[in-house]
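See structure below.
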Amino acid sequence: MTPATRQEVLGLYRKVLQIAKTWQSASGQIEETMREREYIRNEARTLFRKNKNVTDPKLIKQCIEECEARIEIGLHYNIPYPRPIHLPPMGLAHKQGRTLRHQEKLRKISKPIYLKSHDEVS
């Protein structure tokens, strides 16, 4: 990891922790706000620790993009949790001779960047 990339990653981590510190839930209830703040901190800790040994520049860039996307979506919608995607069970595959394996490949490709690590951690 280059020093510039390291600084970018540490800056993102600080930004996430700062967001957690000042986070207010959409409902305004104190209990919910505290729960959401704790979720943000735990999610950041878990994902950053999980990816601390990543050395591939492409994978590092992908993780940085995912983090930025989750920050922007969370701030925009005022929801700290990843926004789920809803696809019909057989909505991507053609009904003529397509296998389930191909269906799963299409689902994986269609998954938004901000949900790539959510399934691995949750």
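The values are calculated or read from the model by the stated rules, or taken from the named source; none is laboratory data. Here the structure is a predicted model, which is why all the values come from computation and not from measurement. Because the Cβ atoms are built from the backbone with ideal geometry, glycine has one as well, and the counts that use them run over all protein chains shown. For accessibility, only protein heavy atoms count, side chains too; no ligands or nucleic acids. Shrake-Rupley method; radii C 1.70, N 1.55, O 1.52, S 1.80 Å.
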With criteria (1) farther than 30 Å from Arg101 by Cβ; (2) at pLDDT below 95; (3) loosely packed, with under 13 Cβ neighbours inside 10 Å; (4) among the charged types (D, E, K, R), Lys61 comes up short on (1)
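The rows are residues; the columns are (1) of a type outside the set (A, V, I, L, M); (2) at pLDDT below 90; (3) open to solvent by less than 60 Å² (accessible area, probe 1.4 Å); (4) more than 13 Å from the chain's Cα centre (by Cα).
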{"residue": "Ile73", "(1), (2), (3), (4)": "no, yes, yes, no"}
{"residue": "Pro84", "(1), (2), (3), (4)": "yes, yes, no, no"}
{"residue": "Arg98", "(1), (2), (3), (4)": "yes, yes, no, yes"}
{"residue": "Lys108", "(1), (2), (3), (4)": "yes, yes, no, yes"}
Here the qualifying pairs (Cβ atoms under 7 Å; residues six or more apart or on different chains; first in the range 63-80 and touching a residue at least 40 places away in the same chain (Cβ under 8 Å); second among the basic types (Lys, Arg) and surrounded by fewer than 16 Cβ atoms within 10 Å (Cβ to Cβ)) come out as Ile71/Lys15; Ile73/Arg83
Filter the range 21-50 for residues that are touching a residue at least 24 places away in the same chain (Cβ under 8 Å), of a type in the set (D, E, K, R) and under 17 Å from Cys67 (Cβ atoms); the one that is least open to solvent (accessible area, probe 1.4 Å) is Glu43
Confirm whether Glu68 is under 14 Å from the mean Cα position of the chain (by Cα), exposed (fewer than 12 other Cβ atoms within 10 Å of the Cβ) and modelled with pLDDT of 90 or more.
no
